[in-house]
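One structure is given here, and the rest of the page talks about it.
Only the coordinates and a few stated rules stand behind these numbers; no lab work does. Computed from a predicted structure; not experimentally measured. Reconstructed Cβ throughout: ideal geometry from the backbone, glycine too, with neighbour counts over all protein chains shown.
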Amino acid sequence: MRRRRLLFFSMILGTLILGVAIGTMIDHSVSAARSAATTPAPISVPSPTKLSSHFSTVAQKVEKAVVNISTETIIRRQEPSRRQFRNDPFQDFFERFFGPEMPQRRRRSQSLGSGFVVDSKGYILTNAHVVENADTITVKLHSGDEYEATVVGEDARTDLAVIRVEAEENLTAARLGDSDGMRQGDWVLAVGSPFGLEQTVTAGIISATGRKNMGDSTPWQHFLQTDAAINRGNSGGPLVNMAGEVIGVNTAILTQPTFGRIGGNLGIGFALPSNLATNVYNQLIEHGKVRRGAIGIKMQAEVTARTLKALGAADGKGVIVEKPDPADGPAAKAGLEQGDVIVEVDGNKINDTYDMHRVLSTVAPGTTITIKYIRDSRLRTTRLTAMDREDLPSIARRSAQQEEEPSESVRLGISPQDLTPRLAKQFELSEEEGGVYVMRVEPESIAAEAGIEAHDLIMEINKNPIHTVGDLRELTSGLKSGMNLLFLVKRWDRGGGEIITLFLTGSVP
């Protein structure tokens, strides 16, 4: 009996001890789990050298293909006759030493830019404005060797040019990538010679793709936008992806110039896509010029989404056929009519006239293409054979007129454009008031020395109103050596945030 009680007591005591032990273990486990749940995980700090090292690797891949381009243009100017100044006490002095006329003066204009080798045989891609009107072009390679270059071909519409050097050995060529594959936020490097500082590399991202209608850009240009620092001298240099492939040609920046000074980088730069550059390069090599296709229509320039929807385009996008031109051209033969809305060309969606120009610029004359268009709210399809854009009646007439009449760029040194509704709005003018927009100013020209800048609007010359490029052509055709010029121009003053009016003076050499 006594043993039975002792055994029973021992069992109870053992059970209690086991229960306490198990409870302690469970409590410890729960506490540990609670502690693990509330304790934050440590943050892993990435190595600061990882991305930097990748940039270095990419830069090394492309740097040997990047070149510095310097040009020199000799400007020959005839000084005005001293006889135009009546009662000049120094007239006899000048005529005794120089004769009745002052001697011809030669001035040298120099500029810097960049480029990159695309073929080991010495072919280099750059911007057309870098080598425009140059008498001599000097290319400095990564090795430091310098060679004189010749122009293979230029395309003003895209601002691209191909030059060539006769090097002693094959050069290192850059590899071109697919610009259509670039996305917003992708890392890129810009390489070039800003302000003459050779082999400068800057980093940034693709800020936007498909930028168009930028300032004085042409309908054939669309851009990759980047915040990689691009400055004067970067023009023509490569924009490179993280695979070391060229996906763009650095061309322009959005800047904030001050009077008499060139503005710098604001983190908004533009590069022509490599796919566009490749097409232009191949044609310049093969033909010496770029041949672009056309379908033979006149497109309505100003159009709203509301108008497009009224014509049957549900999304409010497309290009309205104003009329087939010429009347016996490809579009007319294919049955296109006034009021049709073209929405697709060879599988490419057409949103506006810029898309139309972009797509047709890659179509070779003689190529058969498929056109989708809307008529009476129905989607229709037709096929036609593209013609050469240069054979369009409007282009042919313009070319003939340019051959017969002197160019304004020769007279004043500017590339002029008639006032468009968009420009008129920017300058707070009506289209009736007119004016000639300055797209570009040649260095050392009459306009440059007078202080006229790109993006100015010329309103008057010598108190004569200038409404159109035709008015400018007519006035400049009558200019004679020694004449003084008084310009009235409008300019956007970025510093003050307003349109200002300026009187500027110059003279005809």
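Applying 1/(1 + (r/R0)^6) with r as the Cβ-Cβ distance of Thr57 and Leu486 and R0 = 56 angstrom yields a FRET efficiency of 0.45.
In plain terms, the C-alpha convex hull of region 295-391 casts an average shadow of 5.4 nm² when viewed from every direction. Peptides 465-477, 192-204 ranked from most to least packed give 192-204, 465-477, packing being the mean of other C-beta atoms within 10 angstrom over each peptide's residues.
Report the gain in length on full extension from Asp418 to Ile205: 0.36 nm times residue separation, minus Cα-Cα distance, nm rounded to one decimal. Before the final figure, lay out the partial values.
Numbers: separation 213, 0.36 × 213 = 76.68 nm, distance 3.54 nm.
Contour length minus Cα-Cα distance gives 73.1 nm.
Quote the FRET efficiency, to the nearest 0.05, computed for Glu169 versus His455 with a Förster distance R0 of 60 Å and r equal to the Cβ-Cβ distance. Computed FRET efficiency for Glu169 and His455: 0.85. Partner lysines whose Cα lies under 23 Å from the Cα of Lys463, excluding those fewer than 8 positions away in the same chain, are identified as Lys480, Lys490.
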